[in-house]
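Below is one structure, written out as structure tokens, with a few remarks after it.
The values are calculated or read from the model by the stated rules, or taken from the named source; none is laboratory data. From a predicted model like this one, the values you see are computed outputs, not experimental measurements. For neighbour counting, all protein chains shown are included, and Cβ atoms are generated from backbone atoms with ideal geometry for every residue, glycine included.
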Amino acid sequence: MEIRLVRHATLIVRLDGKALLVDPMLSPPGAMPPIQNTPNDRRNPLVGLPELDLSPVDAVLVTHTHADHFDEAAAGELRKDLPVLCQPEDEEKISSHGFANVLPVKGSLDWEGIEVHRTGGRHGTGEIGALMAPVSGFVLRAPGEPTLYVAGDTVWCPEVEDALAEHAPDVVVVNAGAARFNEGDPITMTAGDVAEVARHAGGATVVAVHMEAINHCLLGRDELRSSLAEAEVSGRRVLIPADGEQTAF
């Protein structure tokens, strides 16, 4: 299995001979407005895309349809015959963009020999978390390949802990960045949340993404590395890739 971080939460996962594009945000820098009611007003995305060839993509996986995970550029540029795996709540919205093969994952399904399981999460706490819902994570499993858990936009919560225990993944992708509004707690993982995932993930490698590309993600890569080192969770257990970086597992 290979995972390439494109930017933010956008990944290309190569598994069992297939290439899956995860959470495509394809807009050029500054094409989208800033997230409102947040500590700064910079337009999004904050950084450009690395060199990207989408022609080998066999399917798309959308954890949820907030604009930083499925933007207008992606809706317009991606081939409409591509299978799009998603949570049931997003089937109608994705189909409305002309995609003809939308595959909602209610619990689990088999796609081209790859088992796809949907997991829960909490996109924040309290009223803000309720307003941000629904979100999902997904576990991908194929014979002879590491098991991958893409946790999606969630904080550390019982649903994530349960997914780790049930699926025993080999690789866990978490959305860090500690995204937040001017009120309330963070709505994606903080450094402490990433450390909790690492502690509960057994021997799995944790891959932290979702940083330095959207204006309300306030936790950067260097701060995360420093915090994990202080918590004695770093090195091989947590990878923090740069945009465009590819890792084989």
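Within segment 97-112, no residue satisfies the criterion of being basic (Lys, Arg) and either in a strand (DSSP E or B) or closer than 16 Å to VAL174 by Cβ (or both). Listed by first and then second residue, the pairs linking a residue in segment 226-249 that is over 18 Å from HIS210 (Cβ atoms) and assigned to a helix (DSSP H, G or I) to a residue that is of a type in the set (Phe, Trp, Tyr) and at pLDDT below 95, with Cβ atoms under 8 Å apart and 6 or more places separating them unless they lie on different chains, form an empty list. The sole residue among PRO39, PRO50, PRO33 that is in contact (Cβ under 8 Å) with a residue 40 or more places away in the chain, farther than 28 Å from PRO104 by Cα, out of contact with any Gly (no Cβ under 9 Å at 6 or more places or on another chain) and not acidic (Asp, Glu) is PRO39.
Filtering segment 41-80 to residues that are surrounded by 13 or more Cβ atoms within 10 Å (Cβ to Cβ), in a loop (DSSP other than H, G, I, E, B) and among the polar types (S, T, N, Q) leaves THR63, THR65. When we screen GLU89, GLU127 for residues that are out of contact with any strand residue (DSSP E or B) (no Cβ under 6 Å at 6 or more places or on another chain), modelled with pLDDT under 95, of a type in the set (D, E, K, R) and over 26 Å from GLY244 (Cβ atoms), the only hit is GLU127. Residues considered: ALA19, ALA9, ALA73. Of these, the only one that is of a type in the set (Gly, Ala, Ser) and within 13 Å of the chain's Cα centre (by Cα) is ALA9. Out of curiosity, is GLY30 assigned to a loop (DSSP other than H, G, I, E, B) and on the phi > 0 side of the Ramachandran plot? Yes; evaluated as a whole, the condition is true for this residue.
All told, GLU223 falls short of being charged (D, E, K, R) and assigned to a loop (DSSP other than H, G, I, E, B).
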